[in-house]
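The values are calculated or read from the model by the stated rules, or taken from the named source; none is laboratory data. Predicted model, so just to flag it, every value in this text is computed and none were measured. Positions of Cβ are generated from backbone atoms using ideal geometry, with glycine treated the same way; all protein chains shown enter the neighbour counts.
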Amino acid sequence: MLRKTEDNKEIGVIYAGEGLRKGHNLYAVYGVIEGNDAISVWILNLTERIERYIFLMKSEPNYVGRQRHGWIIDESKCLVINEINRLRQFCENMKEDGLRKKKFTSVRNWFMIELGLHTGLRVEEMAGLQHKNLLIDEERSSIVVIGKGKKKRQIWISTAFKKTCLQYINYKDRFGYATDDEAYLLNNMKDTRISKRSLQKFFKSVFKKCDLSPHYYIHCLRHTYTTFLLRASNHNYRFAQQQLGHSSIRTTQVYASVIESDRREALQLLYK
């Protein structure tokens, strides 16, 4: 029985750890702390959680991976090529209509979709982009992004999308909106930073008008970009990780379940 001191809780936890390493039944540590019911209950709850974790580790090897990510990517979260073409054509027509009717929101929303499809940025990263983040002169084709945890990364963009960016900046200038270094790329009607919630709403509005499935949300542009990037780069997960700003390549590898499905045609060749 342990001596009752002010360090009672600390000693009890150490005892529990020793019991775990020696393979003892962890419930035994419940009785070592007398005179403090709160600590006893805390130790009991802890040991129950540890024993459940050990059981799941032994019975389900992938349990830790599922807990680490908490989500999976399947084909329903990614647009297919027919949907992409349909979406882009609709947005192109919307942009042209906006230019004719002098409606900037239509032009901005066209660029929002193009930005998501060609960079895979998170919605908060899209909202935070400023003109100074675009490196799109004759020799450069990249964007500096401030991602999660204020981490800065530089992503590459295609020559075609660089032209789209220059075109959009020209449109903004024609509408009288700021295009200096500190101006936000996706601005609201007051020419200030647009909110994350507004971008989500505009995305839903575009998809509804385009008659695409309502289950899609703006982050699906990121999922779509990733799957097509991996296919185009011959499954280069390291490159995709750098473009997306994932801290661990394991996060990028979650997309394997979608990418590997491309190989299902091999099943048709079995026993032939």
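Summary table below
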read-out	value
Residue match in segment 167-176 (condition: in the same structural domain as R122 (by TED's automatic domain parsing), of a type in the set (V, I, T) and within 16 Å of G116 (Cα to Cα))	no
Top-ranked residue in segment 223-249 [being in a helix (DSSP H, G or I) and out of contact with any helix residue (DSSP H, G or I) (no Cβ under 7 Å at 6 or more places or on another chain); ranked as farthest from G147 (Cα to Cα)]	A232
Complete set of residues in segment 250-272 that are basic (K, R) and in a helix (DSSP H, G or I)	R250, R263, R264
K58 being closer than 22 Å to F202 by Cβ and at pLDDT below 95	no
Identity of the residue in segment 222-257, within 18 Å of H118 (Cβ to Cβ) and charged (D, E, K, R), that ends up modelled with the lowest pLDDT	R231
Number of the condition not met by Y217 [criteria: (1) among the aromatic types (F, W, Y); (2) closer than 30 Å to F104 by Cβ; (3) part of a helix (DSSP H, G or I)]	(3)
Segment 136-165 residues that are without any contact (Cβ under 8 Å) to a residue 40 or more places away in the chain and over 23 Å from A232 (Cβ atoms), paired with ones that are surrounded by 10 or more Cβ atoms within 10 Å (Cβ to Cβ) and among the hydrophobic types (A, V, I, L, M, F, W, C) (beta carbon under 8 Å, 6 or more apart)	K152/V144; K152/V145; K152/I146
All helices (runs of 4 or more DSSP H) inside segment 99-212 with 1 or more residues being of a type in the set (K, R) and loosely packed, with under 15 Cβ neighbours inside 10 Å	159-175, 196-209
Residue among S141, S158, S198 that alone is small (G, A, S) and touching a helix residue (DSSP H, G or I) at 6+ places or on another chain (Cβ under 6 Å)	S141
Members of segment 117-146 that are touching a Lys or Arg at 6+ places or on another chain (Cβ under 8 Å), under 22 Å from A178 (Cα atoms) and not polar (S, T, N, Q)	V123, E124, A127, G128, I136, V144, V145, I146
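To keep it simple, each residue is scored yes or no on (1) touching a Gly at 6+ places or on another chain (Cβ under 6 Å); (2) touching a residue at least 60 places away in the same chain (Cβ under 8 Å); (3) charged (D, E, K, R).
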position: L186; (1), (2), (3): no, yes, no
position: K190; (1), (2), (3): no, no, yes
position: C210; (1), (2), (3): no, yes, no
position: I218; (1), (2), (3): no, yes, no
position: Y237; (1), (2), (3): no, no, no
position: Q242; (1), (2), (3): no, yes, no
position: R250; (1), (2), (3): no, yes, yes
position: L270; (1), (2), (3): no, no, no
